[in-house]
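The values are calculated or read from the model by the stated rules, or taken from the named source; none is laboratory data. In this text the structure is predicted, and so the values were computed from the model without any measurement. Positions of Cβ are generated from backbone atoms using ideal geometry, with glycine treated the same way; all protein chains shown enter the neighbour counts. Please note that ligands, DNA and RNA were not included when accessible areas were found on the heavy atoms of the full protein model with its side chains. Shrake-Rupley method; radii C 1.70, N 1.55, O 1.52, S 1.80 Å.
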Amino acid sequence: MQAKVLVSRAVFPEVIERLSAHFEVDYNDRDAALPADQLAARLVGKTGAITLLSDRIDAAVLAGAPGLKAVCNVAVGYNNFDLAAITQAGVMATNTPGVLNDTTADMAWALLLASARRIVSADQWVRAGQWQGWKFHDGWFGNDVHHATLGILGMGRIGQAVARRAAGFEMRVLYHNRTPLAADQEAACGAAWVSKETLLRAADFLVLLLPYSPAVHHIIGAAELALMKPTAHLINIARGGIVDDNALIEALQQKRIAGAGLDVFENEPALDPRFLALDNVVLTPHIGSSTRATRLAMALLAADNLIAALGGQRPPNLLNPEVFGR
Ligand code: GLV
């Protein structure tokens, strides 16, 4: 008898096809998260699951699905997993690193440039028919990106991809990470390690790329924003909760920093409505990895992780190796 697996929300037909060669697939083909009680109910009797970042997998869910052996997230971030509880339950957990690095790094730059040159506000102004004649002192002065200082907080694979792109703008690149990169990695992306405080003070563009965990909750709050230059822009392409959104809104309202480009929010998609009234912020709906090719690669990688895990192989992106072979 084939193992039964759940795919918690719409992915791609190619992914279902790949999984169906190995498993009996229970597929929620709607692109909407199952409510927590339905997710729990549909995990009963399943051996594995493909999950998305909208699915909370914790001790309560696991208690109702004792046959579960693997949960495979279609995301590099996995703060929707209670990894300790998953490990305690003897379940393998996987994510999808690597395949989204370049797409997400491109998006960080899209937000950075849009914020620096006020692209979204300018577009809205033109569409509203307010452009009545070209002006030299036109009120649309932005901030230069070339030769500026790029600061990266969280220098993993995506951070390094963002840094490499800065060479074309001839920027100085600084970063802060708990563990500095090896010298050859630093050289490859032309970046220098500095303390967090130096990074905050020196950056013209501060890009956040650290994974969310309770330890980094509100790591950018009022005190950190106060250290930033009034001409600086903050780009968050990592996770909501890393930034204290209330403190950021106040800093943007009072023009204590020049702008922000945000792809992630606290309590998304119900972001703080005060963001919508600000013209110095660019808002996107958590689309950092959103090209068809990359989302497909992520979903196929999750499928491969699940096929390996349930086939007795070590999945390529195992987050809790201590569980393997248990
Ligand atoms: C997206 O946010 C991801 O973690 O892959």
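With the radius of gyration and the Kirkwood radius both derived from the Cα set of the chain, what is their ratio Rg to Rh? Don't jump to the answer; show the numbers that get you there.
Values: Rg = 21.5 Å, Rh = 21.2 Å.
Ratio value, two decimals: 1.02.
Provide the net charge surrounding Arg117, with neighbours chosen by a C-beta distance below 14 Å and charges set as Lys +1, Arg +1, Asp -1, Glu -1. If you can, show how the numbers build up before the last one.
Working: positive: Arg118; negative: Asp123, Asp138, Asp144, Asp204, Asp279.
Spelling it out: positives minus negatives among the neighbours equals -4.
Given the options Thr179, Thr51, Thr198, state which has the largest fluctuation in a GNM of the chain using a 10 Å cut-off (strictly under) for Cα springs.
Top of the fluctuation ranking is Thr179.
Lysines near Lys229 by alpha-carbon distance under 19 Å, same-chain residues fewer than 8 away left out - which ones?
Answer for Lys229, where 19 Å is the Cα cut-off: Lys196, Lys255, listed by chain and number.
Please build a GNM for the chain, connecting alpha carbons under 10 Å apart, and tell me which residue among Leu262, Leu301, Leu278 fluctuates the most.
Sorting by GNM fluctuation, first place goes to Leu278.
What is the sum of charges, Lys and Arg at +1 and Asp and Glu at -1, for the other residues whose Cβ falls under 12 Å from the Cβ of Glu224? Show your work: numbers first, answer last.
Values: positive: Lys196, Arg201, Arg256; negative: Glu197, Asp244.
So the environment of Glu224 carries a net charge of +1.
Ranked highest first by the average count of other Cβ atoms within 10 Å around their residues, in what order do 223-230, 266-273 fall? Before the final figure, lay out the partial values.
Details: 223-230: 16.5, 266-273: 12.4.
Top to bottom by mean Cβ count within 10 Å: 223-230, 266-273.
Between the range 1-74 and the range 126-193, what's the alpha-carbon centroid distance in Å?
Cα centroid to Cα centroid, the span is 39 Å.
What accessible area per residue, rounded to a whole number of Å², is obtained for the range 101-283 using a probe radius of 1.4 Å? Working shown, then result.
Working: 8970 Å² over 183 residues.
In whole numbers, the range 101-283 has 49 Å² accessible per residue.
Which value, to two decimals, describes the C-alpha radius of gyration of the range 101-283 once divided by 2.2 N^0.38 Å? Kindly include the intermediate steps, with their values, before the conclusion.
On the way: Rg = 16.2 Å, N = 183, 2.2 N^0.38 = 15.9 Å.
Relative to the 2.2 N^0.38 Å estimate, the range 101-283 comes out at 1.02.
Provide Rg over Rh for the range 1-135; use the alpha carbon set for both Rg and the Kirkwood Rh (inverse mean inverse pair distance).
Numbers: Rg = 20.7 Å, Rh = 17.4 Å.
Using only Cα positions, Rg/Rh for the range 1-135 is 1.19.
Per DSSP H run of n ≥ 4, the term is -39500 (n - 2.57); total these for the chain, divide by its residue number, and report the mean residue ellipticity at 222 nm rounded to 500 deg cm²/dmol.
Values: 12 runs with 109 residues, N = 326.
About -9500 deg cm²/dmol.
So, by mean Cβ neighbours within 10 angstrom, what's the order for 128-135, 69-76, 96-103 with the highest one leading?
On the way: 128-135: 7.6, 69-76: 25.1, 96-103: 19.9.
Result, highest mean Cβ count within 10 Å first: 69-76, 96-103, 128-135.
Could you name the lysines in cross-link range of Lys46, using Cα to Cα under 22 Å and dropping any fewer than eight places away on the same chain?
Cross-link targets: Lys4, Lys69.
With +1 assigned to the C-beta of every Lys and Arg and -1 to the C-beta of every Asp and Glu, and no other charges, what is the dipole magnitude of the range 101-283 about the Cα centre in debye, to the nearest 20? It would help to have the intermediate numbers written out before the result.
Numbers: 16 positive and 19 negative charges, 56 e Å.
Around 280 debye, computed over the range 101-283.
Taking all protein chains as present, what is the carbon and sulfur share of the accessible area of the range 31-91, in % to the nearest whole number, probe 1.4 Å? Working shown, then result.
Working: 1460 of 2510 Å².
Reported share for carbon and sulfur atoms: 58 percent.
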